[in-house]
1. Please specify each residue of the range 352-374 satisfying the condition of being within 17 Å of Ser325 (Cβ to Cβ) and touching an Asp or Glu at 6+ places or on another chain (Cβ under 7 Å).
2. Look through Ile59, Ile63, Ile77 and report the one residue that is aliphatic (A, V, I, L, M), in contact with a Cys (Cβ under 8 Å, 6 or more places away or on another chain), surrounded by 18 or more Cβ atoms within 10 Å (Cβ to Cβ) and farther than 22 Å from Ser325 by Cβ.
3. Out of the residues in the range 366-394 that are under 21 Å from Gly333 (Cβ atoms) and among the hydroxyl-bearing types (Ser, Thr, Tyr), state the one that is farthest from the chain's Cα centre (by Cα).
4. Being more than 17 Å from Gln179 (Cα to Cα) and exposed (fewer than 14 other Cβ atoms within 10 Å of the Cβ) is the filter here, so list the residues in the range 370-397 that pass it.
5. Just need a number here: residues in the range 368-381 that are touching a Phe, Trp or Tyr at 6+ places or on another chain (Cβ under 7 Å) and in a strand (DSSP E or B).
6. Inside the range 354-397, can you point out the residues that are of a type in the set (S, T, N, Q) and in contact with a Leu (Cβ under 7 Å, 6 or more places away or on another chain)?
7. Are any residues in the range 208-226 farther than 17 Å from Lys57 by Cα and either in a helix (DSSP H, G or I) or not aliphatic (A, V, I, L, M) (or both), and if so, which ones?
8. Within the range 100-205, which helices (runs of 4 or more DSSP H) (wholly inside it) include 2 or more residues that are charged (D, E, K, R) and at pLDDT below 90?
Amino acid sequence: MNKSRLTFLVFLLLVLPLASFNKNDTEVQSKDKFVVVLDAGHGGHDPGNIGNGYLEKKIALAIVLKVGKELEKHPDIEVVYTRSDDTFVDLFQRGEIANQANADLFVSVHCNAHNSDAYGTETYVLGLHANRQNFEVAKKENSVIYLEDDYEQRYAEYDINSPESVIGLTIMQEEFLDQSIQLGKKLQDNFTKELKRKDRKVKQAGFIVLHQTFMPSVLVEAGFLTNKNEGSYLNSKKGQDEMGKAIANAVLAYKEDMGFAIAQPVAETAKIEEVEAAVNVPAGTTKVDEPVNDEQPVKQEEVQVAEEKKAESNGVVFKVQLMASGKNIPLNGSNFNGLNELSKEPYKNMFRYMYGNANTFEAAKQLKKDADAQGYTTSYIVAYKDGVRVPITDALK
């Protein structure tokens with residue numbers, strides 16, 4: 001009896017770990033949902049700014065929960081919260097939550113403050129501080145690191161008092177910048193056109209919370225609590241509901257423009273099985289931001305759909321990026337749900353995995369449909385010119 005038990009234990013110790021390792025090296029899980037991580041700024045012992053007596057942490061959470069409620073009506077969207085109550089979450093943990101969820105988007109919500117009567121909404125993507133004002137906004141939000149344990153080790157490479165310290169960090173978000181800007185533009189459009197808020201544009205600055213993520217990421221400054229009227233609006237249920245719906249609608253519009261399948265919203269009493277998923281919607285025209293006075297908004301190139309259809313290769317090749325992973329996965333169809341014509345390239349401490357090799361953008365769209373059909377619904381088209389990765393807008397010129 002004892003001998004049998006000993007034999008069984010040896011089997012468990014030797015055979016099962018090997019089987020587990022083999023599985024982890026080759027298995028690739030495809031996502032069937034579009035994952036959005038919602039981050040309510042501050043929380044717990046960090047109140048954020050308290051302009052006119054309003055609590056930033058409370059308002060940011062209320063807006064985020066409204067965003068989540070709207071997005072969760074769609075069965076093809078998964079919402080993850082960095083916090084859903086009044087708790088303090090370290091900045092580096094917020095990024096970890098998004099990365100571990102393999103998120104498609106990261107949206108952080110905050111409220112602004114200023115010693116003037118400034119007002120309006122602005123959305124930030126990670127980048128160099130375009131001016132002193134942007135730097136001060138980022139510096140204020142980044143100062144929360146001093147409330148964290150062991151912040152000296154965690155953020156040793158970052159000096160919140162130095163605008164130049166962000167230069168090296170922006171590389172981490174470089175490949176997602178175009179998508180982040182696209183989402184930011186949709187957010188600002190909704191705030192200003194639907195809610196008639198003052199447009200303070202899409203800007204770049206060195207927010208640590210954005211630096212920690214590996215997906216398109218934005219930080220929304222919903223308004224100024226130090227402005228009496230705006231603070232009162234943001235502290236009201238009406239204001240929080242309106243801002244939450246505007247953010248959710250921008251996420252849905254971004255998802256559609258990026259070519260992801262769109263599912264109709266589910267009524268609260270309806271069953272998910274009764275909802276028919278909508279087909280992919282072709283991307284439309286992206287308009288150019290209009291510069292305003294001394295502000296320095298981030299511009300996007302205008303892309304004409306007619307030009308996309310006839311864009312022929314001139315040293316340009318289009319592929320579909322299926323995923324990015326820290327694992328070095330063999331390029332065979334069994335590891336990628338039957339897809340062939342695979343390629344990969346190292347990027348930082350990860351690998352990008354691509355499918356197909358098209359000479360026209362139209363052909364690349366078909367590759368994208370093929371990838372969607374095999375479960376890679378969060379894949380997207382990328383371009384290379386003479387072997388170097390370039391923005392899609394540049395490839396189509």
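1. Going residue by residue through the range 352-374, those that are within 17 Å of Ser325 (Cβ to Cβ) are 352-355, 371, 374.
If the condition is that a residue be within 17 Å of Ser325 (Cβ to Cβ) and touching an Asp or Glu at 6+ places or on another chain (Cβ under 7 Å), then Arg352, Tyr355 are the ones that fit.
2. Values: Ile63 fails: in contact with a Cys (Cβ under 8 Å, 6 or more places away or on another chain); Ile77 fails: in contact with a Cys (Cβ under 8 Å, 6 or more places away or on another chain).
None of the others qualify; the one that does is Ile59.
3. At the first step, the residues of the range 366-394 found to be under 21 Å from Gly333 (Cβ atoms) are 366-382.
From what is left, the residues that are among the hydroxyl-bearing types (Ser, Thr, Tyr) are 376-380.
On the way: Tyr376: 17, Thr377: 16, Thr378: 12, Ser379: 14, Tyr380: 14 Å.
Once the filter is applied, the top-ranked residue is Tyr376.
4. Ala373, Asp386, Gly387, Val388, Lys397
5. Applying the first criterion (touching a Phe, Trp or Tyr at 6+ places or on another chain (Cβ under 7 Å)) to the range 368-381 yields 371, 377-378, 381.
If we keep only those that are in a strand (DSSP E or B) as well, we get 381.
The total comes to 1.
6. Our first condition is that a residue be of a type in the set (S, T, N, Q); within the range 354-397, this holds for 357, 359-360, 366, 374, 377-379, 393.
Within the range 354-397, Gln374, Ser379 qualify.
7. Narrowing the range 208-226 to residues farther than 17 Å from Lys57 by Cα: 208, 210-218.
Correct list: Ile208, Leu210, His211, Gln212, Thr213, Phe214, Pro216, Ser217.
8. Working: elements: 132-142, 151-154, 177-189.
Result: 132-142, 151-154.
The values are calculated or read from the model by the stated rules, or taken from the named source; none is laboratory data. Just so it is clear, the structure is predicted and the values come from calculations on it, not from any experiment. Because the Cβ atoms are built from the backbone with ideal geometry, glycine has one as well, and the counts that use them run over all protein chains shown.
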